[in-house]
C-alpha cells in the first residue's frame, strides 16, 4: 500500500510539473487581466527588460482612484499589512481596515518593508498621485507596479505588474521559484482585500442609494 501511494504521489508531482509551465503559469500570471492590459506598456517596464517572471493581474473596483490610492500607499509588513493572509506575510497582525493618516506620506526612496524586522523590502522608485506606484529592489532585478485606470465615474481597474529577473546562482533562487508558484495565492487575496476596503469607502460616499450596484 505504501509503495502504491508513493507511485500515486510521484505521478501527481510529475503531472503538476508538466502542467505548471504550460497551463497553470500562463493562467496565474494574467489573472483577471484583459489582453490589452497584459500587452500595455506600463511604468517600470524598462527597468527589468527581460524578466523571467512577468505577471499582470487586474480587478475592477467599484470606487474612484482616490478611494483606492490610500490603501496602496500604506502597505507593508508591520505597516498596514498586505490585505492578504496575515499569518503568512504580516506576522499574524491583522491588516488595517482603515486608512492610517500617519502612513500616507510617500516619497521616492522610501522602504516598503517585507521582512519582520523592517529592514528588507522594496523601495519606492516612482509614483504619480492617484495613478501609479512603482516599487523595486536595489539591483533592478525586481519591480512591482500598482496602477489605477478609471473606467466610468465610479469604477476603476486596479492592475498590478510584477517583473523579476531570476539570478540562478543566487542563494535566493529557491525563494524565487517558490514565489513563482505561490505568488498568485497571496496576490489574489491582496487585490480582493484592497477591492473590499475601497468599495466600503465608496459605499460610505454614496450612502445606501439602491441604484448604485457594487460588485462583490
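Read-outs: derived from the displayed coordinates by stated rules, not from any lab. Predicted model only: the values in this text are computed from it and were never measured. Methodologically, a virtual Cβ is constructed for each residue, glycine included, from the backbone with ideal geometry; neighbour enumeration extends over all protein chains shown.
Observations on the structure shown:
- Each of 37, 97 was scored by other Cβ atoms within 10 Å of its Cβ. Listed from fewest to most, they are 97, 37.
- With both labels modelled 7 Å from their Cα along Cα-to-Cβ, the residue 152 to residue 24 distance reads 3.9 nm.
- Neighbour-count order for 122, 174, fewest beta carbons within 10 angstrom listed first: 174, 122
- Just so you know, the Rg over Rh for the stretch 79-157 is 0.99, from Cα atoms, with Rh as the Kirkwood radius.
- Residues 23, 162, 181, sorted so that the one with the fewest Cβ neighbours within 10 Å comes first: 23, 181, 162
- Kirkwood analysis of the stretch 31-206, using all unique Cα-Cα pairs, places the hydrodynamic radius at 16.5 Å.
- Extending 7 Å from the Cα toward the beta-carbon at both residue 102 and residue 203 defines two label points whose distance is 2.9 nm.
- Scattering curve values for the stretch 153-210, log₁₀ I(q)/I(0), Debye with Cα scatterers, q = 0.12, 0.22 Å⁻¹: -0.48, -0.92
- The modelled label-to-label distance for the pair residue 138/residue 41, using points 7 Å beyond Cα in the direction of Cβ, is 3.1 nm.
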